[in-house]
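The next block holds one structure in the form of structure tokens; read it before the comments.
Derivation of every value follows stated rules applied to the coordinates shown; laboratory data play no part. All figures in this text were calculated on a predicted structure; none of them were measured in a lab. Cβ sites come from the backbone with ideal geometry, for glycine too, and all protein chains shown count toward neighbours.
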Amino acid sequence: MTHTSSSEWISEAGHCSASSPAKRTSKVFLRSLVAVWSVGVLLGMAVLWDYSNSPEHTESTLVQRWPDAVALKRDKMGASLVVSIHPRCPCSRATAMELARIVRFTQSELDVVVLVYAPEIMQDGWERTDLWDSFSSIPGVRVIADVDGEQIKQFGARTSGECALFDENGTLVFGGGITSGRGHEGDNIGSQSIIAFSRGHSIPASYSHVFGCNIFGSDQTDSCPECDESDAS
């Protein structure tokens, strides 16, 4: 039988005693690191959710009647829907999807025009992005390059994706967005209102928030003012 001397036992006990606090410190550090990471992830998700569900403006500045001076001609035989777009706003891709859905449901009951912001100082074709192609692919929809956004301004639109629905007399019956959030497709009060009006029903709302980017921001040329996305061109 091997006997351990008291001095050896004390030495081993001392070693274990010294290593235990280090292990505990390491565990506490790892737990703290995980906690900080989790908080960071949650905060990031909260910021993204807030941005996705925050409209650019909370009040409409759309005109109440079709502008007399605007170059765009109104269809006097029926209702007209005017959609204002910044061609490099990724949020507006959902608007294109929703507009296609509206056109399918309304079955050509609306004269639909998309005004695409086109700064005069930029090269020809700057506005012809994937968004232009998406709107152009919708049957019956006219897509027009609006130089310096002059017609967009006359309608009072400020945000990419802002829609103005006028009746056959040129009176605004609905204004706002047709998405439930930035880049979010799916059922929403704006689309419901436009479809209901085209079918002769009462509309659930005359205004809805627009979830898009400023058309006329501090940077009106190279990219969307708030969504600098290089692959949009």
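Okay, here's what the table says:
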| read-out | value |
| --- | --- |
| Relative exposure of LEU110, LEU115, judged by other C-beta atoms within 10 Å (fewest first) | LEU110, LEU115 |
| Label-point separation in nm, MET122 to LYS76, each point 7 Å along Cα→Cβ | 3.5 |
| Amide H contacts under 5 Å for TYR207, placed H, 5+ residues apart | GLY175 |
| Counted charge near ARG128, where neighbours are those whose Cβ lies closer than 14 Å (Asp, Glu -1; Lys, Arg +1) | -4 |
| Among 162-170, 126-134, the order from most to least packed when residues are scored by Cβ within 10 Å on average | 162-170, 126-134 |
| Along principal axes, Cα extents of region 98-166, largest first, whole Å | 38, 25, 16 |
| Reciprocal mean inverse distance between Cα atoms of region 50-209 - Kirkwood radius, Å | 15.5 |
